[in-house]
Structure formats: C-alpha cells, structure tokens
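Heads up, the thing below is written out as structure tokens.
Please treat every number below as a calculation from the coordinates, not as lab data. What you see is a predicted model; the values in this text were computed from it and never measured. Here Cβ is always computed from backbone atoms with ideal geometry, including for glycine, and neighbour counts include all displayed protein chains.
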Amino acid sequence: MTTMDADILLEAGLRYDVAGPVATITLHRPDVRNAQTPTMWRALADVGAALPDDVRVVLVTGAGQSFSAGLDRAMLDPTNTSGEESVAGLLALSDDEVSATVDAYQRGFTFLRDPRFVSIAAVQGYAIGAGFQLALSCDLRVLADDAQLCMKESALGLVPDLTGTKPLVECVGYARALEICATARMVGAREAVDIGLALTAVPAAELDATVADLVGALTAPMAGAVSETKALLQGAADRTLDEQRRLEREAQVRRFRELASLMGG
C-alpha cells in the first residue's frame, strides 16, 4: 500500500502489512485497548477487498496488551461532536438505511471467511463484543492464557450484529452460545479451548511463536489444497452427504489437473 494509504489506515486504527504469503492486520489503538469504530470497520472491509491473490494466511492481532475491548463507547454517545461516524448516528436513519449501514460494517468481518486464505486471530487480553466477533470471524483462534472473551452486547441492550452469532453456534452449539451471549459473561482462555472456541491457549510470551509455527504449517502444503479444503469444510454442516461427496469429487478433479500440469502431464 502507499504511504498515504497506510496513514489513512492508521487514522482508522489499523496497521496492515504483507510479507510473502502472510498478511497481518493489527488493530492499533492501544491507548483504548483497540476499541473499534465504524471507521475501523469500513477500513477493514477495504483491506479485505485489496488483499493480494497470493496471500495464503491473514493474521489478525491487536497492539498492546489486548486484542480489542469492543466498540468504542464514544460511538454510542448521541452528544459526541467529534464528527466521526458513530453508532448513535444510526438513530437518525430509516430502518432500511440502518440495515444497509450495518451491512457495510459487517463486510469488515465477512472477508475473513474467504476460502482463498486461512484467517487466524491471535488474542491476548480482552476480546469483548466487536472484538470477540472479529476473532470469531477468523477460521482459527490462538489465545494467550490471559485472554478474556465476552459477547457484551446484551448488557448494552443490543444483539451481536457483526457476524459473530453463526460461528459461535458452530463452535460451541446453540445452548452454550445462548448462555454466553445472554449472560454477557467472561469466557477465560482455558474454558475457550475446552468448549471449542480456540485451538490452544499459551503463555503470552509464547503467543507469537505459537502463531508463527501455525502459519508455517498452513503455508507448507500447496495453496490450492488448503483453499479447496477450507471451502469444502465451511459448508459441510449445511449439506447432505451426497452434496458433500459431489463437491469432494469436483475439488479432487481440480487438484489432479493442477498436479498433472505441474508435472508436465
């Protein structure tokens, strides 16, 4: 990205770097524990739309001691005169306009499900509300042992609307997801691993090395094999066995053809 683009992203609270097949998106508002804003969500969507085709892993992390404390509370204050787009400003819109605006915000989260790459959330400290939903948007979550996850929206009289409900149910089942959301309680790192929310929890000092090992393992196989596998697994629960078998066959044909072309066949 150009220097100006990087400056614009930094104003939105983000850093974005690409090194070979790995793109790293860092929430960079450490003074407010990486609290999120609508401007950040729109910038995340822009980053997602601009990811190079050869990126195989997208790593999402937070600067400082927390992944993200969730929505910046200033964004809920109707008296906020900062001029920045706010959630409170939605009150002045029609229902259709509110829905369209939230749809735009959600695009800052949905790109992380793209089958072209595997997305990883490296979570240290708090992942609250929108922060928890951003982590849930990633395919994989690796936690520091001090991580605290919380779906805070119900405590504010709201619902989770940044695409976190579906992956939460997929990870832990309906009953546990309902309990986590409705009570707005904290889920610690060890419990998160035990109930299937995270791959592992490690001491904070080992988080970077653990994630680096995972990135290395994910980028070792051929890119097409990983992306085809992700696409197969993403929709498996919603398909019949016959549908899944058909998609497996079609994907395998594509893999055979690519391997044959590489071998000069």
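See the values below:
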item: Karplus-derived 3J(HN,Hα), 6.51/-1.76/1.60, for each residue of segment 131-142, Hz, glycine and proline x; result: x, 5, 5, 5, 5, 5, 5, 7, 5, 10, 10, 10
item: Cα-based Kirkwood hydrodynamic radius, segment 1-145, one decimal, Å; result: 15.5
item: Mean projected area in nm² (Cα convex hull; one quarter of hull surface) for segment 199-243; result: 4.4
item: Residues whose placed amide H lies under 5 Å from that of SER68, excluding near-sequence neighbours; result: TYR126, ALA127, ILE128
item: Three principal axis lengths of segment 113-204 [C-alpha, angstrom, descending]; result: 32, 30, 20
item: Distance between modelled label sites at ALA260 and SER82, nm, 7 Å Cα→Cβ extension; result: 5.7
item: In sequence order, calculated HN-Hα J values of segment 203-210 (Karplus, 6.51, -1.76, 1.60; Hz; x Gly/Pro); result: x, 3, 5, 9, 4, 4, 5, 5
item: Degrees, to the nearest 10: 174-183 long Cα axis against longest axis of the chain; result: 20
item: Gain upon complete extension [ARG190, ALA220; 0.36 nm per residue less C-alpha separation]; result: 7.9 nm
item: Rounded to whole Hz, the Karplus (6.51, -1.76, 1.60) HN-Hα couplings of segment 63-69, x for glycine and proline; result: 6, x, 9, 9, 5, 6, 7
item: Translational D in µm²/s for segment 131-265 (Stokes-Einstein at 37 °C, 0.692 mPa s, Kirkwood Rh from C-alpha pairs); result: 190
item: Between segment 74-114 and segment 20-36, the alpha-carbon center distance in angstrom; result: 20
item: Relative compactness, segment 223-262, computed as alpha-carbon Rg over 2.2 N^0.38 Å; result: 1.21
item: Fraction of alpha-carbon pairs over 22 Å apart in the chain - percent; result: 58
item: Potential lengthening between LEU91 and LYS166 on full extension [0.36 nm per residue; Cα-Cα distance subtracted]; result: 24.4 nm
item: Estimated distance in nm for a label pair at ARG107 and ARG15, the labels positioned 7 Å out from Cα along Cα-to-Cβ; result: 2.7
item: LEU156 versus ALA237: modelled label distance in nm, points set 7 Å from Cα along the beta carbon direction; result: 2.5
